[in-house]
Amino acid sequence: MDHVVPLARKGKSTRGNVVPACQACNRSKNLTTPVETLLDQIKAEGD
């Protein structure tokens, strides 16, 4: 399970903030939100 808004960024362990995620995806997301992660991936593809 992964927190949409990470606990370190004041996210909560509530149903609306927890989603299923594989371990690799959870680790790669680190302290970012899904939108930030997607934007980082788009930027990386453009380089």
So, Asn30, is that one surrounded by 10 or more Cβ atoms within 10 Å (Cβ to Cβ) and on the phi < 0 side of the Ramachandran plot or not?
no
Please determine, by comparing only the residues of the range 12-47 that are among the hydroxyl-bearing types (Ser, Thr, Tyr) and part of a helix (DSSP H, G or I), which one is nearest to Asp2 (Cα to Cα).
Ser28
Please determine, by comparing only the residues of the range 1-24 that are surrounded by 10 or more Cβ atoms within 10 Å (Cβ to Cβ) and in contact with a strand residue (DSSP E or B) (Cβ under 7 Å, 6 or more places away or on another chain), which one is nearest to Asp40 (Cα to Cα).
Val4
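Each value in this text was obtained by applying a stated rule to the coordinates, not by laboratory testing. None of these values were measured; they are calculated from a predicted model. Reconstructed Cβ throughout: ideal geometry from the backbone, glycine too, with neighbour counts over all protein chains shown.
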